[in-house]
Amino acid sequence: MDEEARKWTVSALESARKLEKEGYEFYIKACEKTDDEKGREMFKFLAFEEVKHYDIVNSLIKMFGGESLPMPKEEVEEKSGVFSETEGGKITEKSDELDALNIGIKAEHRSIKAYSQVYDRTDDERLKIAMKKLVDEEKRHLSILEKEVEFITDTGEWHDFRTVSM
């Protein structure tokens, strides 16, 4: 990989790492604001999936000569109970759980796009394998969120996301 490609890769991965951090923070806040236990479990699962992705991306950044940064999880715990602004909308105290699900859907689409771009642009086989894995996992998260929206819209209730999506 030439120097220009390496720099682009590190930059793209740093952007992806930021998306994973924001995803973690978003899903933790969604978990805190969701009244239903099944909904909380789903958001908690997605939050910790984002931590795993952050760690994978962080390792890749280091592998390509970038700076490895630990996930700053403590920041989330210190924030207020209000969702932070996210592309596609802002969740406030008056927003409902469907708003959170729909923002999550948009965020998963962004992650899929980001990882797909890295996959398409790289010739590094190790990076291709990692990006394919992350795209597949983000698609699974997207499916979980979309099925939850459909279920809540149809029934007005949450379901156990693991019974359908895992």
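Numbers below:
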read-out	value
Residue within region 129-136 that is at pLDDT 90 or above, surrounded by fewer than 13 Cβ atoms within 10 Å (Cβ to Cβ), of a type in the set (A, V, I, L, M, F, W, C) and not in a loop (DSSP other than H, G, I, E, B) present	yes
Complete set of residues in region 112-136 that are of a type in the set (V, I, T), free of Cβ contacts under 8 Å to residues at least 40 places away in the same chain and under 18 Å from K62 (Cβ atoms)	I129
Any chance H109 is in a helix (DSSP H, G or I) and under 17 Å from R40 (Cβ atoms)	no
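Per-residue answers, yes or no, for (1) assigned to a helix (DSSP H, G or I); (2) in contact with a strand residue (DSSP E or B) (Cβ under 7 Å, 6 or more places away or on another chain); (3) at pLDDT below 95; (4) small (G, A, S):
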site: C31; (1), (2), (3), (4): yes, no, yes, no
site: K38; (1), (2), (3), (4): yes, no, yes, no
site: F43; (1), (2), (3), (4): yes, no, no, no
site: L46; (1), (2), (3), (4): yes, no, no, no
site: H53; (1), (2), (3), (4): yes, no, no, no
site: L69; (1), (2), (3), (4): no, no, yes, no
site: G81; (1), (2), (3), (4): no, no, yes, yes
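The values are calculated or read from the model by the stated rules, or taken from the named source; none is laboratory data. In this text the structure is predicted, and so the values were computed from the model without any measurement. With ideal geometry, Cβ positions are generated from the backbone for all residues, glycine too; neighbour counts draw on all protein chains shown.
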